[in-house]
């Protein structure tokens, strides 16, 4: 799944709040996204998470449209 504009906004806010200097997560990859209310997307998200290695971030983000967005990635290779 590709995130929509509202989900991109939520992920950008997470990064601004949690890594404002953009230096804490080197070598990011395996970006994953899912609408928490969509079971097929959640399954694909979990499969992608299982394929990652090294450090990881997985968070639930409240979006401005009222949906909950699962967002994650791996880093530190």
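For the residue pair residue 46 and residue 62, what label-to-label distance in nm results when each label sits 7 Å from Cα along the Cα-to-beta-carbon direction?
2.5
Per the Kirkwood treatment, what hydrodynamic radius in Å, one decimal, follows for the chain from the mean inverse distance over all distinct Cα pairs?
Over the chain, the inverse of the mean reciprocal pair distance is 12.7 Å.
Determine the calculated [θ] at 222 nm for the chain from helices alone, applying -39500 (n - 2.57) to every DSSP H run no shorter than 4 residues and normalising by the residue count; nearest 500 deg cm²/dmol.
Computed mean residue ellipticity for the chain: -10500 deg cm²/dmol.
Bear in mind that the values in this text are calculations on the coordinates, not laboratory data. Since this is a predicted model, take the numbers as computed values, not measurements. Cβ sites come from the backbone with ideal geometry, for glycine too, and all protein chains shown count toward neighbours.
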